[in-house]
Amino acid sequence: MLIPNITHDIIEPLRIILGYAQKNIQDLEQLENAYPDSYNGLMGLEFKNLPNIPKEVAVSDVHTWFDFHFHKYHQNPQNDYFIKCLERLQGNKFNPYFPNLAYSNALISTKLNAQEIWRLFYKSQKTEQERNQYEKLFGAGTKIAVIRKIAKKIAKANLYKYDPDLSRYNSKKNTNKKDTPFQIFKQGYGKNLIYLSTDFEKGTFEVCNAKGKHQGEYRFDGMLNSKADKNGGHDIVLQL
């Protein structure tokens, strides 16, 4: 077993898993055991080439494992066992808006810590060496193109699904943003729905509740950048 223990800090376990992405899926077994008792067995961790194992799914690395559970979660968001597992593992470090930050940070880099990754991303004046490192981590392209790509990656890793209809609807409603159409993601169900709307000027997320009301602006590392706009300037319009 590559992971001796899983503590309330999920960062190191996921970093270790990512470092051995091509190893047997058994490396993820302790994540299944970490699930709340009533949800045990729902992760669908199957072992390749072993007899007497139900062929629900066969995965060989952490990314396909995550994709399986991402799609399974969005088929029935009310069965939020994935989020419950992450909450249980992280304890008081759990961020309800961004429940899987360790994984989303590791998708950018497994060599740099979160502080190093996002300091570089948000630094306005970069040296030539920093610019080269920036392109290596985040990709080349216009500011908007890079933000759009990274926002999509961070949102999905934290269990948000892109909502094309709501994005188009808000783009039509807000004619001031013709050059940068809305990019809106959603997670949860009912009164627990959370929306992320990408801010292409700052490279952040505007977090909105189930009614579309602004809850605050958050950086891609889950840190609060500014408090909720109570004047409605950052609300999103929900389709009726």
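The values are calculated or read from the model by the stated rules, or taken from the named source; none is laboratory data. The structure presented is a predicted model; accordingly, all values stated were derived computationally and were not measured. Neighbour counts are summed over all protein chains in view; Cβ atoms, including those assigned to glycine, are modelled from backbone coordinates with ideal geometry.
Given 86, 120, 112, which one is more than 17 Å from residue 195 (Cβ to Cβ), without any contact (Cβ under 8 Å) to a residue 40 or more places away in the chain, touching a Phe, Trp or Tyr at 6+ places or on another chain (Cβ under 8 Å) and among the aliphatic types (A, V, I, L, M)?
The unique qualifying residue is 120.
Please work out if residue 151 is closer than 18 Å to residue 220 by Cα, among the hydrophobic types (A, V, I, L, M, F, W, C) and touching a Leu at 6+ places or on another chain (Cβ under 7 Å).
no
Quick one: is residue 217 surrounded by 19 or more Cβ atoms within 10 Å (Cβ to Cβ), outside the structural domain of residue 83 (by TED's automatic domain parsing), without any contact (Cβ under 8 Å) to a residue 24 or more places away in the chain and in contact with a His (Cβ under 8 Å, 6 or more places away or on another chain)?
Judged against the criteria, residue 217 is a match.
Out of all the residues in region 174-191, which are surrounded by 12 or more Cβ atoms within 10 Å (Cβ to Cβ) and in a helix (DSSP H, G or I)?
177
Only one of (1) modelled with pLDDT under 95; (2) among the basic types (Lys, Arg); (3) under 25 Å from residue 145 (Cβ atoms) is not met by residue 191, so which one is it?
(3)
Being within 17 Å of residue 235 (Cα to Cα), surrounded by 15 or more Cβ atoms within 10 Å (Cβ to Cβ) and without any contact (Cβ under 8 Å) to a residue 24 or more places away in the chain: is that true of residue 206 here?
no
Which residue, of 157, 151, 140, is buried (at least 20 other Cβ atoms within 10 Å of the Cβ), hydrophobic (A, V, I, L, M, F, W, C) and at pLDDT below 95?
157 is the lone residue from the list that is buried (at least 20 other Cβ atoms within 10 Å of the Cβ), hydrophobic (A, V, I, L, M, F, W, C) and at pLDDT below 95.
Identify, from the list 152, 161, 143, 156, the residue that is among the charged types (D, E, K, R) and more than 26 Å from residue 112 (Cβ to Cβ).
Within the list 152, 161, 143, 156, the selection yields 161.
Out of (1) in a helix (DSSP H, G or I); (2) under 20 Å from the mean Cα position of the chain (by Cα), what's the single condition that is false for residue 198?
(1)
Name the single residue that is surrounded by the most Cβ atoms within 10 Å (Cβ to Cβ) among those in region 64-112 being outside any helix (DSSP H, G or I) and of a type in the set (S, T, N, Q).
Taking the candidates together, the pick is 100.
Residue check, residue 99 against (1) at pLDDT 95 or above; (2) within 18 Å of the chain's Cα centre (by Cα), all met but one. Which one?
(1)
Name the residue, out of 207, 146, that is part of a strand (DSSP E or B) and within 20 Å of the chain's Cα centre (by Cα).
Of the residues listed, the single one that is part of a strand (DSSP E or B) and within 20 Å of the chain's Cα centre (by Cα) is 207.
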